1. From the set of residues in the stretch 311-337 that are of a type in the set (D, E, K, R) and under 19 Å from residue 375 (Cα atoms), which is surrounded by the fewest Cβ atoms within 10 Å (Cβ to Cβ)?
2. Within the stretch 550-557, is even one residue outside the structural domain of residue 466 (by TED's automatic domain parsing) and hydrophobic (A, V, I, L, M, F, W, C)?
3. Identify the residue in the stretch 361-375 that is buried (at least 17 other Cβ atoms within 10 Å of the Cβ) and not β-branched (Val, Ile, Thr) and, among all such residues, is nearest to residue 279 (Cα to Cα).
4. Of all residues in the stretch 238-282 being of a type in the set (Lys, Arg) and more than 26 Å from residue 398 (Cα to Cα), which is farthest from the chain's Cα centre (by Cα)?
5. Can you tell me which residue among 138, 116, 133, 121 is in contact with a Lys or Arg (Cβ under 9 Å, 6 or more places away or on another chain) and among the small types (Gly, Ala, Ser)?
6. Got a sec? Which of 193, 227 is free of Cβ contacts under 8 Å to residues at least 60 places away in the same chain and of a type in the set (Gly, Ala, Ser)?
7. Identify, from the list 534, 546, 577, the residue that is modelled with pLDDT of 95 or more and under 19 Å from residue 467 (Cβ atoms).
8. Taking residue 96, is it on the phi < 0 side of the Ramachandran plot, part of a loop (DSSP other than H, G, I, E, B), touching a residue at least 12 places away in the same chain (Cβ under 8 Å) and in the same structural domain as residue 41 (by TED's automatic domain parsing)?
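The values are calculated or read from the model by the stated rules, or taken from the named source; none is laboratory data. Values in this document were obtained by computation on a predicted structure and should not be read as measured data. All Cβ positions, glycine included, derive from the backbone under ideal geometry; neighbour counts span all protein chains shown.
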Amino acid sequence: MSIKPFLTGLTLFCSTLLFGQIGHESADPKPGSSANWKTVSPDINLSFSSTNFSHSKTTPPLQQVLKTAWSQKAWKGERVGIQAVLWSSKDFQDIELSATDLTSDTKNTINADHISISYVSYVMSDLIGKLKSGCGISGKLDSILVADRIENEQHFRYDKNTTRPIWISLDIPQHTKAGIYKGKVIAKSGNKAQEINYSIEVLDHTLPTSDQWQFHLDLWQNPFSTARYYNVEPFSDKHLEILKPYMQKLASAGQKSITASIIHDPWNGQTYDKYQTMIKWIKTKDGNWKYDYSNFDKWVRFMTDLGMGKFINCYSMIPWDPKFYYEDEATGKTTFLKAAPTSEEYKKHWLPMLKDFARHLKETGNFDRTTIAMDERPMDQMQSAIAIIKEADPSFKISLAGTYHKELSDDLADYCITLKEDMDKEVLASRKAKGLTTTYYTCCTEPFPNTFTSSGYSESTWLPWNSVQRGFDGYLRWAFDCWNKNPNLDTRFGTWLAGDAWFIYPDVKTSIRFEKLIEGVQDAEKIRIIREKLKKEGKTAELNKLESVIQEFNNKNINQNTIHDQVIKAREYLNNL
């Protein structure tokens, strides 16, 4: 079984080959045989396919995964993702995709304005092979071409003997009347057209708008990546204008936190675009300190206006390389202090800043939602930093994404631990009683379940279910938009497995991985609502059955080969309640 379930026409350990660009896609490093296309019709072939299935570009789709018609149950207010696939043995200069209105037998309608349909592009990825982790990869891995980037286009040129996925997103209005709605997806070129039928059974349940979701989604942002890519000044009006549609997509997924960098390069240059400081540290000629919060304030205000900001997570007091850059007015140059977090020099550097930062945050009304954030560091360093934070202002909130430390739990307003770790039940219960936020994360460490471009699509959906199973508040992942030099073609970067660093592509193009993650977040919200409903109605048997389904999404003995079936069955049960 390959890393991506059901990936056709490719072997797990294919050769890594040099590839060239074909339009907006790379060449398939392991192309399928042209003989496979000899029996394919020259007409436009169009069919539905499971959203958990990834197709090979150069191999015809397998008949057993195709569906001539498609149906699903869904809630009012839900976003539904649908995958179709188009293939032919003939070139078509212009394929036009469209979807009709959805109409019920009682003449109620879901207007086509609520349906977006686009073709999906392939990007270069890699395969983990026999490695136990996607971190610190020292050599070349086998290359693979995967379907992930959802274009914002309904027209495209089709090259013969290729398989082209199509993604349909249906946003069901909250005011929709319950019932079965039917419509068509159409692919047309000149006087040739192919259409396929689908139906949605809208249930008498309503999903709140994403700003009302309680699931705590935290996908870290890197605004410096878009600034570099579009060659604009960070946090200029032009930059924020470019960023807006990206961050709107993030907000619509239920994002809760704002990622803010309060020092230069907190992660020691591991990203293509270094995180720059949003706060300018200035040492004056008389040896005192002053701080320019202009960019920090712009960023926080911008993200808050888009509906995010339960927490403003400020990274990091303990960077991977303890260098702290500042402007020296005496020399007119940028320099740095290198100091261990347990040293007196470190405290002298941070204490005045944190006191002034607390003052500024209170003046701007942001203190109560700001956390001084860290990721995993040695215990003595974290305890030293926490002591300095509390000395600066005892009411400062602290956030940590790292290993579970019971002794730190009471100090952390926002605590995110790893997938494989368990939090003591009494500790979790205590945190809940205090209103503290508890989440978990995956990173390059876990081969699966994960959100790499080589991961099975359903793995993204699985992740929020696991958060629910553990009694946690949500899920964290780095990163939403930390691009490489050419993110539209190749999702590999650095020493991590491909796709580790971003969910969204330039030109505001979402990904199948991101849409499937949203699917899981919606499921978590459904579970919360259904639990309350079943308890209120005294339906103990149904509630117990739901809980037994949820318990299957635990972090023990996870079988990658069964994740897709597990997700499908659980979602079917949830939609039948």
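1. Quick first cut of the stretch 311-337, residues of a type in the set (D, E, K, R) only: 321, 323, 327-329, 333.
Then drop every residue that is not under 19 Å from residue 375 (Cα atoms), which leaves 321, 323.
Working: 321: 12, 323: 15.
The extreme case among them is 321.
2. Within the stretch 550-557, the first condition is being outside the structural domain of residue 466 (by TED's automatic domain parsing), and the residues that meet it are 550-557.
Filter once more, so that each one left must be hydrophobic (A, V, I, L, M, F, W, C): 550, 553.
There is at least one residue in the stretch 550-557 that is outside the structural domain of residue 466 (by TED's automatic domain parsing) and hydrophobic (A, V, I, L, M, F, W, C).
3. Going residue by residue through the stretch 361-375, those that are buried (at least 17 other Cβ atoms within 10 Å of the Cβ) are 361, 366-367, 369-375.
Still in the running and not β-branched (Val, Ile, Thr): 361, 366-367, 369, 373-375.
Numbers: 361: 12, 366: 15, 367: 16, 369: 17, 373: 15, 374: 17, 375: 19 Å.
Selected residue: 361.
4. Within the stretch 238-282, the first condition is being of a type in the set (Lys, Arg), and the residues that meet it are 238, 244, 249, 256, 274, 280.
So of that shortlist, the ones also more than 26 Å from residue 398 (Cα to Cα) come out as 238, 244, 249.
Working: 238: 25, 244: 17, 249: 11 Å.
Ranking the qualifying residues of the stretch 238-282, first place goes to 238.
5. Values: 138 fails: in contact with a Lys or Arg (Cβ under 9 Å, 6 or more places away or on another chain); 116 fails: in contact with a Lys or Arg (Cβ under 9 Å, 6 or more places away or on another chain); 133 fails: in contact with a Lys or Arg (Cβ under 9 Å, 6 or more places away or on another chain).
The unique qualifying residue is 121.
6. Numbers: 193 fails: free of Cβ contacts under 8 Å to residues at least 60 places away in the same chain.
Testing whether each residue is free of Cβ contacts under 8 Å to residues at least 60 places away in the same chain and of a type in the set (Gly, Ala, Ser) leaves just 227.
7. Details: 534 fails: under 19 Å from residue 467 (Cβ atoms); 577 fails: under 19 Å from residue 467 (Cβ atoms).
None of the others qualify; the one that does is 546.
8. Details: on the phi < 0 side of the Ramachandran plot: yes; part of a loop (DSSP other than H, G, I, E, B): no; touching a residue at least 12 places away in the same chain (Cβ under 8 Å): yes; in the same structural domain as residue 41 (by TED's automatic domain parsing): yes.
No.
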